[in-house]
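To start, the structure under review is shown below, and the notes come after it.
The values are calculated or read from the model by the stated rules, or taken from the named source; none is laboratory data. Source: prediction; values computed, not measured. FYI the Cβ positions are ideal-geometry reconstructions off the backbone, even for glycines, and counts take in every protein chain you see.
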Amino acid sequence: MPDTTAPIDWLRRAGAQGDVLDGLARFTTWRAVYDECPRGDWLLAIAERLGVDHVALVHAAVACARVADDADDEARAVLDAAARWADGRGSPSEVAAATRALEQAASGAASPAHEAADRAALAVGLGVEDRAVLPSAPAAAAESVMVASIDCGLELAMRWAHDKCAAAVRGAVPWSVFAGCVERVGGQP
């Protein structure tokens, strides 16, 4: 008999932080979590913990990091290299080299928005090797947008960026993949 563990119970057992538990407590089905999760970092972290394919996670993190429009050339190079790797057209060593170049350049970031965009790209670059790092890309991308638009309404910008990142995760990780992973951990999609 399959386990019908509610998403919030699984999240609690998986060690989700309090803000995630509070933010997702209203969702009683996995499909609702997938469709309506308001934050890309939460959705990508859940997908990673559910065991979604690494390549799909990298695609999602790249899409999220591109939400930060304050990225410099080195950050874009990391994202491009990671996208090529995820498409089977690049190598991990290419991503690692671009990531090292960004790490060296990032120490002199011109602004807090640039620094956050660089961190989003670094998370993607490092995430090619260590998938657990990938969920920090959407949060850094959202931070970049937030900081860049602080005078224009911080909360509105944060919600917009988180929504765009959640949509990017859904675009890279189809419901069918997510649902299959939910079933694998004993949940009822």
Which numbered condition Arg89 misses (of (1) among the charged types (D, E, K, R); (2) farther than 26 Å from Val147 by Cα; (3) buried (at least 17 other Cβ atoms within 10 Å of the Cβ)): (3)
Of the criteria (1) buried (at least 23 other Cβ atoms within 10 Å of the Cβ); (2) not in a helix (DSSP H, G or I), which one Pro189 fails: (1)
Residue in the range 92-105 that is surrounded by the most Cβ atoms within 10 Å (Cβ to Cβ), counting only those that are more than 20 Å from the chain's Cα centre (by Cα) and small (Gly, Ala, Ser): Ala101
Complete set of residues in the range 128-172 that are assigned to a helix (DSSP H, G or I) and acidic (Asp, Glu): Glu143, Asp151, Glu155, Asp163
Considering residues of the range 127-152 that are among the hydroxyl-bearing types (Ser, Thr, Tyr) and in contact (Cβ under 8 Å) with a residue 24 or more places away in the chain only, the residue surrounded by the fewest Cβ atoms within 10 Å (Cβ to Cβ): Ser136
Qualifying residue in the range 66-78 (condition: modelled with pLDDT under 95, more than 19 Å from the chain's Cα centre (by Cα) and either assigned to a helix (DSSP H, G or I) or farther than 17 Å from Ala148 by Cα (or both)): yes
Pick from the range 30-48, criterion under 12 Å from the mean Cα position of the chain (by Cα) and either of a type outside the set (A, V, I, L, M, F, W, C) or surrounded by fewer than 21 Cβ atoms within 10 Å (Cβ to Cβ) (or both), ranking: nearest to Ala137 (Cα to Cα): Asp41
Residue tally, condition at negative phi and not in a helix (DSSP H, G or I), over the range 2-48: 16
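Condition check ((1) under 18 Å from Val78 (Cβ atoms); (2) among the small types (Gly, Ala, Ser); (3) buried (at least 17 other Cβ atoms within 10 Å of the Cβ); (4) out of contact with any Ser or Thr (no Cβ under 9 Å at 6 or more places or on another chain)) across all residues:
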{"residue": "Gly125", "(1), (2), (3), (4)": "yes, yes, yes, no"}
{"residue": "Leu156", "(1), (2), (3), (4)": "no, no, no, no"}
{"residue": "Cys165", "(1), (2), (3), (4)": "yes, no, yes, yes"}
{"residue": "Ala172", "(1), (2), (3), (4)": "yes, yes, yes, yes"}
{"residue": "Ala179", "(1), (2), (3), (4)": "no, yes, yes, yes"}
